1. Hey, does segment 74-96 have a residue that's in contact with a Ser or Thr (Cβ under 6 Å, 6 or more places away or on another chain) and either assigned by TED's automatic domain parsing to the domain that holds I126 or in a helix (DSSP H, G or I) (or both)?
2. Quick one: which residue in A40, A57 is out of contact with any His (no Cβ under 9 Å at 6 or more places or on another chain), modelled with pLDDT of 85 or more and not assigned by TED's automatic domain parsing to the domain that holds L140?
3. Does A100 qualify as being in a helix (DSSP H, G or I), over 19 Å from the mean Cα position of the chain (by Cα) and at pLDDT below 95?
4. When the residues of segment 56-94 are filtered to those that are acidic (D, E) and surrounded by fewer than 11 Cβ atoms within 10 Å (Cβ to Cβ), which remaining residue is nearest to K148 (Cα to Cα)?
5. Does segment 78-119 hold any residues that are under 13 Å from V153 (Cβ atoms) and of a type in the set (S, T, Y), and which are they?
6. Does E106 satisfy the criteria of being within 22 Å of the chain's Cα centre (by Cα), acidic (D, E) and either assigned to a helix (DSSP H, G or I) or assigned by TED's automatic domain parsing to the domain that holds I126 (or both)?
7. Please go through segment 112-160 and pick out each residue that is surrounded by 12 or more Cβ atoms within 10 Å (Cβ to Cβ) and in a loop (DSSP other than H, G, I, E, B).
8. Taking the condition of being surrounded by 14 or more Cβ atoms within 10 Å (Cβ to Cβ) and among the acidic types (D, E), how many residues in segment 98-111 meet it?
Amino acid sequence: MYHVRNSGKSTPWWPLRMMRRTAPFMGRWSLRLARRRSSAGWVAGRTMTFDLSRKRAAESRLQGTRLTEEKLRDEISRQVVEAFARLQSSADQIDTAKRALTAAEEALRLARTRKEYAVGVVLETIQAEQDLTRARLDYLKAVTEFNKAQYAVNKAIGKL
């Protein structure tokens, strides 16, 4: 117990624990003196002080965190949509490359047949072989891009 002089009288003061809030959900304890009396105007027991500016700062930080979370969700949604669009585009490219490969194989077969019957020239067969090689490379590139797109989709939806 502490004694404080007030206009010539000695008044008893008792140490009480008081919580000074640093955020709406956190606080620290500090030792304060308060008169121990239960009548109005006197403080008894534990008391808490609220700092309105700290509360508002904590609320604004919370709102900022919520906005950041919303932006992150939007970014994830955008990545998923883009990855699926890329996957669909890659699947279409595979179909196109497969048709081009079939056409190049048929062109080479016809060029060889013409050469066999002495209607075509050697240069025509060589060009058909080059076209077939390009078509095979395009098909492989399309398959590779499709695999990359599948990886991107799995990464975007969180499977990796």
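1. Within segment 74-96, the first condition is being in contact with a Ser or Thr (Cβ under 6 Å, 6 or more places away or on another chain), and the residues that meet it are none.
No, segment 74-96 contains no residue that is in contact with a Ser or Thr (Cβ under 6 Å, 6 or more places away or on another chain) and either assigned by TED's automatic domain parsing to the domain that holds I126 or in a helix (DSSP H, G or I) (or both).
2. Values: A40 fails: modelled with pLDDT of 85 or more.
Being out of contact with any His (no Cβ under 9 Å at 6 or more places or on another chain), modelled with pLDDT of 85 or more and not assigned by TED's automatic domain parsing to the domain that holds L140 holds for just one of A40, A57, which is A57.
3. Details: in a helix (DSSP H, G or I): yes; over 19 Å from the mean Cα position of the chain (by Cα): yes; at pLDDT below 95: no.
The answer is no for A100.
4. Step one: of segment 56-94, the residues acidic (D, E) are 59, 69-70, 74-75, 82, 92.
Keeping just the survivors that are surrounded by fewer than 11 Cβ atoms within 10 Å (Cβ to Cβ) gives 69-70, 74-75.
Numbers: E69: 28, E70: 28, D74: 23, E75: 20 Å.
Ranking the qualifying residues of segment 56-94, first place goes to E75.
5. Hits for segment 78-119 are S89, S90.
6. Numbers: within 22 Å of the chain's Cα centre (by Cα): no; acidic (D, E): yes; either assigned to a helix (DSSP H, G or I) or assigned by TED's automatic domain parsing to the domain that holds I126 (or both): yes.
It is false that E106 is within 22 Å of the chain's Cα centre (by Cα), acidic (D, E) and either assigned to a helix (DSSP H, G or I) or assigned by TED's automatic domain parsing to the domain that holds I126 (or both).
7. Selection gives G120, V121, I157.
8. 1
The values are calculated or read from the model by the stated rules, or taken from the named source; none is laboratory data. Just so you know, these numbers come straight off a predicted model, no measurement behind them. In this analysis, Cβ positions are derived from the backbone assuming ideal geometry, glycine residues included, and neighbour counts consider all displayed protein chains.
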